[in-house]
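Read the figures in this text as sums done on the coordinates, not as results from a lab. Quantities reported herein were computed from a predicted structural model and do not represent experimental measurements. Please note: Cβ atoms are built from the backbone with ideal geometry, for glycine as well, and neighbour counts cover all protein chains shown.
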């Protein structure tokens with residue numbers, strides 16, 4: 001028996017964000033480059049947690065945030081990711097399911113516990129992330145529900161989860177299932193591609209024509225292609241992915257599909273509070289508009305509107321009804 | 001050997017707030033009176049949690065929130081309260097200690113787990129609370145550090161924790177230790193006085209002249225005294241407590257000390273987002289000003305400024321440097 005058709009299913013880190021504010025001097029004292037992401041061991045995460053100020057906990061994870069955005073935009077969404085059977089895992093699961101997102105990945109007993117991301121937000125709204133992935137990196141291909149992936153119009157994969165072997169195998173397997181079912185495969189790059197040899201694997205996936213829609217910011221695109229100029233990046237990638245989407249923060253975004261290239265400005269924001277999740281929500285807005293078969297420019301605009309909402313408050317998931325924001 | 005002198009020590013619930021927004025209709029469907037507080041069992045809390053939307057987790061607890069405010073106002077503060085040895089307990093402890101608040105109560109193994117308060121915030125910024133106190137109600141007089149209480153200028157006690165027998169005994173014991181050391185005892189009423197026979201015990205404590213500073217809102221004062229009119233409440237209580245402080249939400253606050261009676265308006269707020277913690281922060285501001293030996297009116301004003309800050313964002317603890325707000 002087939003499953004009810006789904007708009008989108010994502011595979012990504014299942015983590016809870018621990019968000020605190022800090023001064024620039026704290027980042028400097030730790031040698032953290034502002035805006036960067038690093039992976040921590042559990043011990044390192046405990047040390048850092050002890051050193052930071054009071055925090056708020058909000059469910060996170062890049063692709064999971066995008067699914068929260070997709071649900072807020074009215075899409076039917078599912079998420080595959082690994083939490084442990086602990087309080088933070090229960091919080092993560094609640095926050096997905098309460099949005100109507102299907103989340104059936106069975107929790108593991110642990111250790112490791114559910115992953116966390118310590119997010120330090122400076123006065124300029126930049127976020128610097130330190131992630132202890134915990135259970136998140138224990139995801140295996142066995143967690144995949146083949147019928148679920150076959151039923152989804154889009155399978156959305158997260159670059160942050162590309163590093164560890166078993167989750168990467170799960171994502172590759174999901175991409176193949178989706179492609180065989182004639183579905184769209186979207187992949188979002190992440191800064192963690194800079195870690196180790198992840199880049200080659202992503203390039204291999206792209207060269208193998210497994211990626212239909214590729215998201216990334218200008219920095220990530222340059223790193224992926226090795227090109228210094230964004231036009232060179234586009235030339236290097238445009239023939240290998242169906243749609244190439246490049247975000248440029250406050251400078252807006254570019255999309256390239258075949259011979260078509262469109263560019264939009266960023267949507268205005270009264271006060272930028274916390275830039276965490278901007279890329280995640282951009283992807284949600286873009287894909288939601290795509291599913292409604294909106295023109296490429298309208299897809300970019302939906303992305304910038306969803307990103308503008310999320311950077312106007314703390315936390316990487318929407319806090320308002322995005323459907324009113326991007327009416328189509 | 002004596003301990004370093006402390007400005008204030010509080011005894012209260014050690015819980016983590018789970019904050020979600022909801023429509024009025026959700027409250028109605030559950031039969032929750034807007035603005036109210038109820039106690040839940042663990043099972044009831046799980047049921048309600050499943051029914052509410054995505055949430056953010058921020059450490060809470062009425063007196064603990066006041067200590068966060070006191071620390072943000074530059075006071076040296078300590079907190080006594082019971083968490084379990086679990087992830088939410090670790091979050092609560094971190095959020096206290098990272099503010100420089102001394103928090104030495106040893107966690108218990110559990111069950112029960114660390115307590116939570118499910119806070120539903122409606123569009124009008126009113127908060128409706130459902131508390132599963134968990135480990136918080138396992139506090140016993142054995143957790144008291146006599147020297148710590150003797151060293152603190154003020155011992156601050158929370159009405160919410162007045163219900164269960166052992167925490168009540170701990171608070172009474174702390175009040176006696178403080179009084180014998182010639183320290184100030186402050187008590188904050190709470191809506192939970194309406195539950196069971198808590199009222200009589202509080203009245204007994206007041207009649208016994210154990211309370212130097214009594215905080216409460218107009219509703220709580222009416223319930224405590226049985227008087228319909230706020231002036232009658234004042235007449236009933238003014239001879240029994242050194243300082244009587246009555247908050248009236250947007251209508252400001254009144255303080256009565258001996259023959260002196262002063263009243264102030266509420267401080268202006270651009271957008272009221274979430275009224276949770278208004279009373280907690282009011283008490284922190286008032287007591288901080290008292291410790292600086294400010295006139296009674298200035299104490300009220302400090303209270304209203306601290307309350308105004310906290311209702312302008314989600315969460316019951318200050319997010320800005322309160323010292324700049326109430327410069328004295």
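Using a Debye calculation, one point per C-alpha and no hydration shell, please list log10 I(q)/I(0) for the stretch A:142-200 at q = 0.13, 0.19, 0.25 Å⁻¹ in order. After summing over all Cα pairs, the log10 values are -0.33, -0.66, -0.99.
Under the simplified labelling scheme, the residue A:51-residue B:229 pair shows an inter-label distance of 6.2 nm, with each label point 7 Å from Cα along Cα→Cβ. Applying 0.36 nm per residue to the separation of residue B:197 and residue B:106 and subtracting their alpha-carbon distance, the gain on full extension is 29.8 nm.
Provide the percentage of antiparallel DSSP beta bridges, counting only those with both residues in the stretch B:79-230; round to the nearest 5. Let's see the in-between values first.
Numbers: 7 of 17 bridges.
Here the antiparallel bridges make up roughly 40 percent for the stretch B:79-230.
Taking every DSSP bridge with both residues inside the protein assembly as shown, close to 40 percent are antiparallel. List the distances, in nm to one decimal, from the label point of residue A:231 to the label points of the same position in every other copy, shortest first, placing each label point 7 Å from Cα along the Cα-to-Cβ direction. Counterpart label points of residue A:231 in the remaining copies fall at 8.2 nm. In chain B, helices alone account for a calculated mean residue ellipticity at 222 nm of -10500 deg cm²/dmol, with every DSSP H run of four or more residues adding -39,500 (n - 2.57).
Per the Debye formula on identical point scatterers at the alpha carbon atoms of chain A, with no solvent, log10 I(q)/I(0) at q = 0.09, 0.15 Å⁻¹ is -0.41, -1.26.
Within a 10 angstrom radius of the beta carbon, how do B:94, A:219 rank from fewest other beta carbons to most? Please report the intermediate quantities before stating the final value.
Working: B:94 21, A:219 16.
Ascending number of Cβ neighbours within 10 Å: A:219, B:94.
The Cα center of the stretch B:205-267 and the Cα center of the stretch A:203-247 differ in position by 67 Å.
If you take the alpha carbon radius of gyration of the protein assembly as shown and divide it by 2.2 N^0.38 Å, what ratio comes out, to two decimals? The partial results should precede the final answer.
Numbers: Rg = 26.7 Å, N = 656, 2.2 N^0.38 = 25.9 Å.
Expressed relative to 2.2 N^0.38 Å, the Cα Rg reads 1.03.
Using a cutoff of 8 angstrom between alpha carbon atoms and counting only pairs six or more residues apart, the relative contact order for chain B works out to 18 percent. Each residue, residue B:5 and residue A:321, gets one label point 7 Å from its Cα in the Cβ direction; the gap between the two is 5.7 nm. Got the relative contact order for the stretch B:99-200 handy, in percent, Cα pairs under 8 Å and 6 or more residues apart? 23 percent.
Cut-off is 10 Å between beta-carbons; in what order do B:103, B:26, A:132 appear when sorted fewest neighbours first? Show your work: numbers first, answer last.
Values: B:103 20, B:26 17, A:132 25.
Listing B:103, B:26, A:132 from fewest to most nearby Cβ atoms yields B:26, B:103, A:132.
The distance linking the stretch A:93-130 with the stretch B:65-105 is 24 Å (Cα centroid to Cα centroid, whole angstrom).
How much length is gained if the chain between residue A:182 and residue A:166 is pulled fully straight, taking 0.36 nm per residue apart and subtracting their Cα-Cα distance, in nm to one decimal? Before the final figure, lay out each step's value.
Details: separation 16, 0.36 × 16 = 5.76 nm, distance 2.44 nm.
Result: 3.3 nm gained on full extension.
What fraction of the DSSP beta bridges in chain B is antiparallel, stated in percent and rounded to the nearest 5?
Numbers: 21 of 56 bridges.
The antiparallel fraction comes to roughly 40 percent.
Here is how far apart the residue B:271 label points are across copies: 0.9 nm, shortest first, using a point 7 Å from Cα toward Cβ.
Just so you know, the Rg over Rh for the stretch A:1-125 is 1.03, from Cα atoms, with Rh as the Kirkwood radius. For the stretch B:271-292, backbone nitrogen atoms closer than 19 Å to the point 7 Å from residue B:124 Cα along Cα-to-C-beta are found at B:271-279. For residue A:42, inter-copy separations between label points set 7 Å beyond Cα along the Cβ vector come to 2.2 nm, shortest first.
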